[in-house]
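Each reported figure results from applying straightforward, stated rules to the coordinates on display, with no laboratory input. Note that the structure is predicted; figures quoted are calculated from it, not measured. FYI the Cβ positions are ideal-geometry reconstructions off the backbone, even for glycines, and counts take in every protein chain you see.
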């Protein structure tokens, strides 16, 4: 946590909840039960990632009055809830698609790098009284992590049912990144 000013009680409440959600996500993603299926492993690590985004968005909605960011947060909740449901529906059948140990090793090494980079960038976002800016600075690296994880997974032999999920994650989260970057430049955001 990098605090750049004296925090208001509202900011402290928002940030405490955010950090708890983030810590739980990190724990669940790094301790996910993995096996010899890249498809299964992606889902096992992406579900807690998506769940954290939903909870972070719900946390923000308790505080923000900035309508464009409310819309983005509601979109995250809707899209990622739907994505979780789809991944849960296909996880068992996708888990039947096995991968060789070399691919599993290369894949997981890259995923671990992506996750560590994402965790680091999220934790480097300064804690301020500007909750909208805090959320955006935290969510952009979160979305970037999902995009990179999805692109990496598409490079391997995976369950055909998973491919549209990965493409949806890439397109929706790249769109979300662009929208949030634009909002950072709007005077009403801060």
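Here are the numbers:
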{"quantity": "Scan of segment 64-83 for residues that are surrounded by 15 or more Cβ atoms within 10 Å (Cβ to Cβ) and outside any helix (DSSP H, G or I), ordered by number", "calculated": "64, 66"}
{"quantity": "Selection status of residue 17, out of contact with any strand residue (DSSP E or B) (no Cβ under 8 Å at 6 or more places or on another chain), within 24 Å of residue 177 (Cβ to Cβ) and assigned to a loop (DSSP other than H, G, I, E, B)", "calculated": "no"}
{"quantity": "Subset of segment 44-63 (residues that are over 12 Å from the mean Cα position of the chain (by Cα) and crowded, with 19+ Cβ neighbours inside 10 Å)", "calculated": "44, 59, 60"}
{"quantity": "Criterion violated by residue 52 - all others in (1) closer than 24 Å to residue 109 by Cα; (2) not in a helix (DSSP H, G or I) satisfied", "calculated": "(2)"}
{"quantity": "Of all residues in segment 137-175 being crowded, with 22+ Cβ neighbours inside 10 Å and over 24 Å from residue 109 (Cβ atoms), the one that is farthest from the chain's Cα centre (by Cα)", "calculated": "138"}
{"quantity": "Residues of segment 84-103 classified as touching a helix residue (DSSP H, G or I) at 6+ places or on another chain (Cβ under 6 Å) and either crowded, with 19+ Cβ neighbours inside 10 Å or over 12 Å from residue 157 (Cβ atoms) (or both), total", "calculated": "7"}
